[in-house]
Amino acid sequence: MSHLGEHLLADLYDCPAAALADAAAVERALHAAARAAGAHVLAGHFHHFGPGQGVTGVLLLAESHISIHTWPEHGYAAVDLFLCGRAAHQAALAVLQQALQVGRSEQRCVARGQLPARV
């Protein structure tokens, strides 16, 4: 069987609070991740919850989406990468891990849109 896309959920731990509280830097990191994946950004929206607080943001992609929610007080970020076509979610994740100075991460990947094998 083949599938239409891959949905990667990543838990990013041990990140510096300053990296997770900087809304502009988080937005730049998501855009860089989209470029690394070979994805095409259609629109984006980011919200900062205030000084020292977290950021939530999403990029709508022609290939689906990338979203993030950060908790600087816990050194943690939750990332959702749903990409279809030839977009490379591992390349996107690597960019995010570097930009956010991730200490450790856990990830789960789910194949979406299972297609029957062609006969």
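The values are calculated or read from the model by the stated rules, or taken from the named source; none is laboratory data. In this text, all values refer to a predicted model and were calculated from it rather than measured experimentally. Counting neighbours? That spans all protein chains shown, and the Cβs are built from the backbone with ideal geometry, glycine included. In case anyone asks, the SASA skips ligands and DNA or RNA and just uses the protein heavy atoms, side chains included. Shrake-Rupley method; radii C 1.70, N 1.55, O 1.52, S 1.80 Å.
Per-residue 3J(HN,Hα) values for the range 48-63, derived from phi via the Karplus relation 6.51 cos²θ - 1.76 cosθ + 1.60 with θ = phi - 60°, read 9, 8, x, x, x, 9, x, 10, 10, x, 8, 10, 7, 10, 4, 8 Hz in sequence order (x marks Gly and Pro). For the chain, adding -39500 (n - 2.57) for each run of n ≥ 4 DSSP H residues and dividing by the number of residues yields -7500 deg cm²/dmol at 222 nm. Two numbers describe the Cα atoms of the range 68-119: Rg and Dmax, which are 14.5, 53 Å.
Along the axis of the charge dipole computed for the chain (Cβ charges of +1 for Lys and Arg, -1 for Asp and Glu, origin at the Cα centre), the listed residues Pro51, Gly85, His69 are led at the positive end by Gly85.
Computed over the range 36-98, the quotient of the alpha carbon radius of gyration and 2.2 N^0.38 Å is 1.17. May I ask for the angle, rounded to the nearest 10°, between helix 89-99 and the longest principal axis of the chain, with both axes built from Cα atoms and the value confined to 0 to 90°? On a 0 to 90 degree scale, this one is about 10.
Placing unit charges on each Cβ (+1 for Lys and Arg, -1 for Asp and Glu) gives the chain a dipole about its Cα centre, and among Gln97, Ala34, Gly5 the Cα reaching farthest toward its positive end belongs to Gly5.
The portion of the accessible surface of the range 1-81 made up by carbon and sulfur, rounded to a whole percent, is 59 (1.4 Å probe; DNA, RNA and ligands excluded). In the chain, the longest principal axis of the Cα atoms and the axis of helix 23-37 are about 20 degrees apart. What the Cα atoms of the chain give is an Rg and a Dmax of 14.6, 58 Å. At a probe radius of 1.4 angstrom, the accessible area of the chain per residue rounds to 54 square angstrom. Comparing Glu73, Glu106, Glu63 in a Gaussian network model of the chain where C-alpha atoms under 10 Å apart are linked, the largest mean-square fluctuation is found at Glu106.
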